[in-house]
Amino acid sequence: MPDSSPSAPAEAEIAALRAEIDAIDDAMHDLLMRRAAVVARMAGSRAKGNTTPLRAGREAAVLRRLLARHAGPLARARIVRIWREIFMASTAIQGGFSAAVFAPDPQSGHARLARQHFGPLTPTRVHPTPARALAAVTGGEASAAVLPAPIDGEPAADAWWARLDVPRLQVVARLPFLAGPASDPGALVVAPVAPDPCGEDRSLLMVEAEAGAQRGRIAQALSGAGFAVTSLILSRAPAATLALAEVEGFLRAEDPRLASLPWARRIILGAYAAPVPGDAP
């Protein structure tokens, strides 16, 4: 009967590869400890209570840079998951962080997105309504809220974004950052901090038009003012039409294009990094 055990040369090669992996693990661990020490110094240099470690734009810029240089068999989704965990470990060093999530149940798609983005070790509490999740943030019980992406045609009375307490609360991220299956639910992250740009951003602009205003007319006015609109969601109330436009770029309050819009009420709800492509199927 032939001997099926690995030959001595093969065993030696495997042992050498394992030793190489062990050395790489030690080097990675050294770099993680070094990174954590830098983060701790950064946390110590901040004036307590005057800032927050949440920097969604900065995190997105880092991920874009890493994904742009990435090559080899390791999936892009794995790179994002690894660095998301590193980001949240750094956030924990800088101070407590927790998330409030609107989700019908803990296993829903939005709860899953929150766990993927903020990591399984981040304290996360599920709430039955978007209003309850937002109240957890305004009341200081949570650092950020994860809410469902706006839906076209939703009544204004049910649209959480129509009642967002801006500028106290603002949209700072869109989930998932790495584009996934079309069936995945979309979500927005709201926090008591201004969004920070990553270089490839989209902003949310809400305008209040007259009751019964037509989508085409609203879109034309936005385009005529110079906005590149990627999506337009309408929510109607008895006395007005609320339009939520996702526009290209990082929109600031002093942008002169805002003054050329025909509506008196125009509010920037926040901004987030444009999503990046996921792994090829």
- Task: First measure r as the distance between the Cβ atoms of THR138 and GLU20, then evaluate 1/(1 + (r/R0)^6) with R0 = 45 Å and state the FRET efficiency to the nearest 0.05.
- Result: 0.30
- Hey, can you grab everything whose amide H is under 5 Å from the amide H of ALA103? Only 5+ residues off in sequence or another chain; H modelled, so Pro and N-termini drop out. HIS127
- Query: In whole Hz, what ³J(HN,Hα) sequence does the range 18-32 give by Karplus (6.51, -1.76, 1.60; θ = phi - 60°), x for Gly and Pro?
  - Reply: 5, 5, 5, 5, 4, 5, 5, 4, 5, 5, 5, 5, 4, 5, 5
- Item | Shape parameters for the chain, alpha-carbon atoms, Rg then Dmax in Å | 22.8, 88
- Message: Rounded to the nearest 20 debye, what is the charge dipole size of the range 159-213 about its Cα centre when +1 sits on each Lys and Arg Cβ and -1 on each Asp and Glu Cβ?
- Response: 140
- Message: Loop by DSSP (not H, G, I, E, B), at most 14 other beta-carbon atoms within 10 Å: where is the longest site-free stretch of the chain for GluC sites (Glu not before Pro)?
- Response: 1-140
- Based on Cβ point charges of +1 for Lys and Arg and -1 for Asp and Glu, what charge dipole magnitude is obtained for the range 79-154 about its Cα centre, in debye rounded to the nearest 20? 240
- With θ set to phi - 60°, apply the Karplus curve 6.51 cos²θ - 1.76 cosθ + 1.60 along the range 208-219 and write out the HN-Hα couplings as whole Hz, x wherever there is a Gly or Pro. 10, 9, 5, 4, x, 4, 7, 4, x, 5, 5, 4
- Note on the structure: Heavy-atom accessible area of SER143, protein chains in place, probe 1.4 angstrom, given in Å² to nearest 10, is 30
- Which one of PRO148, PRO120, ALA264 is farthest out on the positive end of the charge dipole of the chain, using unit charges on Cβ (Lys, Arg +1; Asp, Glu -1) and the Cα centre as origin? ALA264
- Message: Can you bin every Cα-Cα distance in the range 108-244 into 5 Å intervals starting at zero and give me the percent of pairs per bin, rounded to whole numbers?
- Response: 2, 9, 18, 20, 20, 16, 9, 4, 1, 0
- Message: Which of the three applies to the range 141-198, rounded, prolate or oblate, going by the alpha-carbon gyration tensor with a ≥ b ≥ c and a/c under 1.5 meaning rounded?
- Response: oblate
- Item | Separation in nanometres of the label points that stand 7 Å from Cα toward Cβ, at SER108 and GLU11 | 5.7
- Share of carbon and sulfur in the accessible heavy-atom surface of the range 74-122 [1.4 Å probe, %]: 61
- Under a GNM of the chain (C-alpha, springs under 10 Å), which listed residue has the highest mean-square fluctuation: HIS29, HIS117, HIS70? HIS29
- Starting at the first residue of the range 229-244, write each ³J(HN,Hα) from the Karplus equation 6.51 cos²θ - 1.76 cosθ + 1.60 with θ = phi - 60°, in whole Hz, x for Gly and Pro. 8, 9, 7, 9, 10, 10, 9, 9, 10, x, 10, 7, 10, 9, 10, 10
- Message: If you count only protein heavy atoms with a 1.4 Å probe, what accessible area per residue comes out for the chain, rounded to a whole Å²?
- Response: 54
- Note on the structure: Kirkwood Rh over alpha-carbon pairs of the range 123-174 plugged into Stokes-Einstein at 20 °C, 1.002 mPa s gives a D in µm²/s of 182
- Item | Distribution of pairwise C-alpha distances over the range 1-142, 5 Å bins, in % | 2, 8, 12, 15, 16, 13, 10, 8, 5, 4, 3, 2, 1, 1, 0
- Message: So, R0 is 25 Å and r is the distance between the beta-carbons of ALA179 and ALA219; what FRET efficiency does that work out to, to 0.05?
- Response: 0.55
- Query: Which residue, LEU204, LEU188, LEU121, has the most motion in a Gaussian network model of the chain that connects Cα atoms within less than 10 Å?
  - Reply: LEU121
- Task: Please calculate the 1.4 Å probe accessible area of LEU17, with all protein chains present, and give it to the nearest 10 Å².
- Result: 90
- Size of charge dipole - the chain - debye, nearest 20, with Cβ of Lys, Arg +1 and Asp, Glu -1, no other charges: 940
- Message: If R₀ is 30 angstrom, what is the calculated FRET efficiency for the pair ASP279 and VAL62, using the beta carbon separation as r and rounding to 0.05?
- Response: 0.95
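The values are calculated or read from the model by the stated rules, or taken from the named source; none is laboratory data. Predicted, not measured: the structure shown is a model, and the values here were computed from it. Virtual Cβ from ideal backbone geometry, glycine too; neighbours counted across all protein chains shown. We work out accessible area using only protein heavy atoms, side chains counted, and drop any ligands, DNA or RNA first. Shrake-Rupley method; radii C 1.70, N 1.55, O 1.52, S 1.80 Å.
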